[in-house]
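**Student:** Below is a structure I'd like to ask you about.
The values are calculated or read from the model by the stated rules, or taken from the named source; none is laboratory data. Quantities reported herein were computed from a predicted structural model and do not represent experimental measurements. Heads up, the Cβs are rebuilt from the backbone with ideal geometry, glycines too, and the neighbour counts pull from every protein chain shown.
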Amino acid sequence: MASSSKLALIAIAMLFAFSLKHCQASLTPNYYDYTCPQAIPIIRSAIRIAIAKERRMAASLIRLHFHDCFVQGCDGSVLLKDTPWFTGEQTALQNNNSIRGMEVIDAAKWAVEAVCPKIVSCADIVALAAKDSSEYVNGPTWTVKLGRRDSTTANKDLAAADLPFGGDNLDVLIAKFARKELNAKEMVALSGAHTIGQAQCVTFRGRIYNETNIDPGFALHRRRNCPPSNNAEITNLAPLDPVTPNSLDNKYYKNLMQRRGLLHSDQVLFNGGETDGMVASYSRDPSSFYADFATAMVKMGDIDPLTGSSGQIRKICSAIN
Ligand code: HEM
Ligand SMILES: *[C@@H]1O[C@H](CO)[C@@H](O)[C@H](O)[C@H]1NC(C)=O
Ligand SMILES: *[C@@H]1O[C@H](CO)[C@@H](O)[C@H](O)[C@H]1NC(C)=O
């Protein structure tokens, strides 16, 4: 064979391998159209039942997707209980006694398994649950890409390293999101999720007693239910957005501009740094917040999925098969 046609063959083979790899790696909204068309409505109704019972669940499920995606990618790893082979992510400091909603994912999974056994991944259910939750609490909606598979392992140390803390400074937050290929603006948009849900006293105590970039009336008010040192009360809850705690809107950014961010990590987004302008612009323009939040959620959902023959479809979300 002439060397030029050999070269052409090699080029074609490489192109084929490349496109195969990229085919496998990309998620698609239509993934279950033929294998389990009922999956999306079944999951949606399970999620809606749970939020109707407890509205905070919408917040907990959006956060669960975030904490899944930031550790090993969106692979359902956050749902795994400890095993003799690995310590799971649920006892990492950022998750311990804090992440919620796993039983809601279990219920949705159970309902889907009854119709299409071992077709729909737990990671995809978590991604759909986040979107369904946003819709339910007046937030934006988006098209969820599907086809993620579930991990066969989880990693507590990775969770501890990759998930942000409420005490992190702006440069640390920007770096942690950059590691997941999310830029500062996307980080600010995603933080808008703190317009719903609750935080425990232990996560904001340092701020309300010791920080100066805080509205004094707001600090005083928060101190009433969060004493400086009583350990019996570290789990007392406060709303991340006291104005509209049950509505996914842009009030969060308005609060920040009044120095009423609950967490240190909230207020650093508007404290004289490079993200001040983004906060100001989302506070003025809810539609740009909704659009950017939705786009960033899709991008977050794209972090390192397991596809093709990697991973597995779990039968039970809390354990590997
Ligand atoms: C920017 C870095 C972030 C930090 C440092 C952070 C930290 C925290 C902390 C400390 C809590 C309170 C947890 C507790 O007290 O149990 C919390 C709650 C929450 N976070 Fe974040 N978070 C960040 C970004 C995000 C993102 C990107 C999302 C989702 C897109 C999100 C969604 C939520 C929600 C909805 C809650 C309330 C959960 C509930 O009520 O169950 N957070 N976050
Ligand atoms: C997680 O919380 C439990 C209490 O529910 C506590 O006993 C344990 O030490 C905590 N683990 C870590 C790693 O903080
Ligand atoms: C406030 O700061 C002081 C001095 O650093 C520290 O001893 C104290 O524990 C802090 N209080 C809270 C509630 O974090």
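**Student:** Select from the range 46-78 the residues that are among the acidic types (Asp, Glu) and in a loop (DSSP other than H, G, I, E, B) and write down the one among them that is surrounded by the fewest Cβ atoms within 10 Å (Cβ to Cβ).
**Tutor:** Among those residues, the one meeting the criterion is Glu54.
**Student:** Just for the range 46-98: of the residues that are aromatic (Phe, Trp, Tyr) and near ligand 1 (Cβ under 9 Å from one of its atoms), which one is nearest to Gln198 (Cα to Cα)? Break it down stepwise before answering.
**Tutor:** Start the filter on the range 46-98 by keeping residues that are aromatic (Phe, Trp, Tyr), which leaves 66, 70, 85-86.
From the residues that got through so far, the ones that are near ligand 1 (Cβ under 9 Å from one of its atoms) too are 66, 70.
Working: Phe66: 16, Phe70: 20 Å.
For the range 46-98, the residue satisfying everything is Phe66.
**Student:** Within the range 109-154, count every residue that is of a type in the set (D, E, K, R) and either closer than 23 Å to Ser191 by Cβ or at pLDDT below 95 (or both).
**Tutor:** Looking only at that region, the number is 4.
**Student:** For the range 75-96, check the following and say yes or no: at least one residue is within 16 Å of ligand 2 (Cβ to nearest atom), touching a Phe, Trp or Tyr at 6+ places or on another chain (Cβ under 7 Å) and modelled with pLDDT of 95 or more.
**Tutor:** Taking every residue of the range 75-96 in turn, at least one turns out to be within 16 Å of ligand 2 (Cβ to nearest atom), touching a Phe, Trp or Tyr at 6+ places or on another chain (Cβ under 7 Å) and modelled with pLDDT of 95 or more.
**Student:** Go through the range 192-222 and give me each residue that's part of a helix (DSSP H, G or I), buried (at least 17 other Cβ atoms within 10 Å of the Cβ) and out of contact with any Asp or Glu (no Cβ under 7 Å at 6 or more places or on another chain).
**Tutor:** First, pick out the residues of the range 192-222 that are part of a helix (DSSP H, G or I): 192-195, 201-210, 216-222.
The next check asks that each one be buried (at least 17 other Cβ atoms within 10 Å of the Cβ); those that pass are 192-195, 201, 203-205, 207-208, 218-219, 222.
Gly192, Ala193, Thr203, Phe204, Arg205, Arg207, Ile208, Phe218, Ala219, Arg222 - these are the residues of the range 192-222 that are part of a helix (DSSP H, G or I), buried (at least 17 other Cβ atoms within 10 Å of the Cβ) and out of contact with any Asp or Glu (no Cβ under 7 Å at 6 or more places or on another chain).
**Student:** Cβ-Cβ distance below 7 Å, separation of 6 or more or different chains: which pairs start in the range 216-244 with a residue that is more than 27 Å from Leu190 (Cα to Cα) and away from ligand 2 (no atom under 16 Å from the Cβ) and end on one that is part of a strand (DSSP E or B) and at pLDDT 95 or above?
**Tutor:** Cβ pairs passing all conditions: Asn225/Ala238.
**Student:** Among the residues in the range 100-117, are any over 22 Å from Tyr32 (Cβ atoms) and in a loop (DSSP other than H, G, I, E, B)?
**Tutor:** The answer is yes, given that some residue of the range 100-117 is over 22 Å from Tyr32 (Cβ atoms) and in a loop (DSSP other than H, G, I, E, B).
**Student:** Something else now. Criterion first (among the small types (Gly, Ala, Ser), in contact (Cβ under 8 Å) with a residue 60 or more places away in the chain and at positive phi) does Gly197 satisfy it?
**Tutor:** Yes, satisfied.
**Student:** Here are some residues: Pro216, Pro228, Pro245, Pro239. Which one is touching a helix residue (DSSP H, G or I) at 6+ places or on another chain (Cβ under 6 Å) and not assigned by TED's automatic domain parsing to the domain that holds Met57?
**Tutor:** Working: Pro216 fails: touching a helix residue (DSSP H, G or I) at 6+ places or on another chain (Cβ under 6 Å); Pro245 fails: touching a helix residue (DSSP H, G or I) at 6+ places or on another chain (Cβ under 6 Å); Pro239 fails: touching a helix residue (DSSP H, G or I) at 6+ places or on another chain (Cβ under 6 Å).
Just a single option satisfies the conditions, and that option is Pro228.
**Student:** Would you confirm whether any residue within the range 279-287 is of a type in the set (Ser, Thr, Tyr), part of a loop (DSSP other than H, G, I, E, B) and surrounded by fewer than 21 Cβ atoms within 10 Å (Cβ to Cβ)?
**Tutor:** no
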